[in-house]
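Shown next, in structure tokens, is the structure this report addresses.
Derivation of every value follows stated rules applied to the coordinates shown; laboratory data play no part. Here the structure is a predicted model, which is why all the values come from computation and not from measurement. Note that we place each Cβ from the backbone using ideal geometry, even for glycine, and neighbour counts take in every protein chain shown.
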Amino acid sequence: MSSLLAVLDAIESEPAAVALRGRSYELLGDLSGRTVVDAGCGSGRAVAELAQHGAHAVGVDLDPDMIAVARRRWPAGEFHVGDAAELPLETGSATCYRADKVLHLLDDPARAVDEARRVLAPGGRAVLIGQDWDLIAIDSDQSETTRRLVHAKADSLPSPRVARRYRNLLLDAGFTDPVVEVHTAMFTDDRAIAVLRRITDDESWLAEQAERARRNRIFVAVPIFLVAARR
């Protein structure tokens with residue numbers, strides 16, 4: 001758990017990640033006094049930031065260990081162990097909903113989007129954030145191996161390509177007025193190696209990337225989709 005938290009903390013502290021979270025808050029609208037549910041809240045950083053914006057933020061995560069960490073780190077926050085498809089909130093009790101890097105972990109992302117609609121009051125807003133695991137761009141002399149490794153990682157996940165479906169999932173669930181943005185996280189230093197190790201443990205392929213990093217020639221780009229819509 002400690003090593004996972006260290007990786008998550010490093011990723012969440014990156015300026016691009018901070019800016020992306022900030023943009024997701026903007027798309028939720030005026031947060032003052034509003035109830036916001038953060039599905040898949042992890043260690044709770046977004047819940048704490050939403051509270052700083054004046055929201056009553058509620059974090060929900062399926063992992064009891066993550067919820068324990070969130071409660072320890074942010075004792076003023078409200079956190080619950082729960083499934084994104086069965087949120088522990090009353091129907092229509094929330095004004096805003098947010099799911100960041102969550103839906104690709106679900107076998108049935110549509111159920112979670114339907115659940116978002118259930119807990120939102122009319123006029124409430126939902127924001128979905130995440131990457132399409134098939135679209136990671138990596139500069140490599142081993143193009144065929146790179147393609148195979150990226151697709152193998154994608155295929156190991158329940159819903160690796162769900163981010164490209166965010167807009168349609170929201171529309172199919174009855175949301176309106178979707179706003180779609182694509183932000184790209186780029187890595188051109190040693191941080192790229194940490195990203196690549198989340199894709200594969202193929203040491204021979206990673207050795208080429210490490211050499212690229214040593215020569216200042218490494219390049220990894222990860223498109224991240226952000227879609228907002230109204231209940």
Rounded to two decimals, what is Rg over Rh for the chain when you use alpha-carbon atoms and the Kirkwood radius?
-> 0.98
Relative contact order computed over region 65-211 (Cα-Cα under 8 Å; 6+ residues apart), in percent | 22 percent
Counting only residues 5 or more apart in sequence or on a different chain, those whose built amide H sits under 5 Å from that of G59 are D38, E78, F79, H80
Equivalent ellipsoid dimensions for region 74-189 as semi-axes, Å, which come from the Cα gyration tensor, largest first | 31, 16, 14
E14 versus R148: modelled label distance in nm, points set 7 Å from Cα along the beta carbon direction = 2.7 nm
Using a Förster distance of 22 angstrom, determine the FRET efficiency expected from the C-beta separation of S93 and S156, and round it to 0.05.
-> 0.05
Electrostatic dipole magnitude of region 45-184 [Cβ: Lys, Arg +1; Asp, Glu -1; Cα centre; debye, to 20] | 240 debye
When the C-alpha atoms of region 149-231 are aligned to their principal axes, what extent does each axis show, in angstrom, from largest down?
-> 49, 25, 13
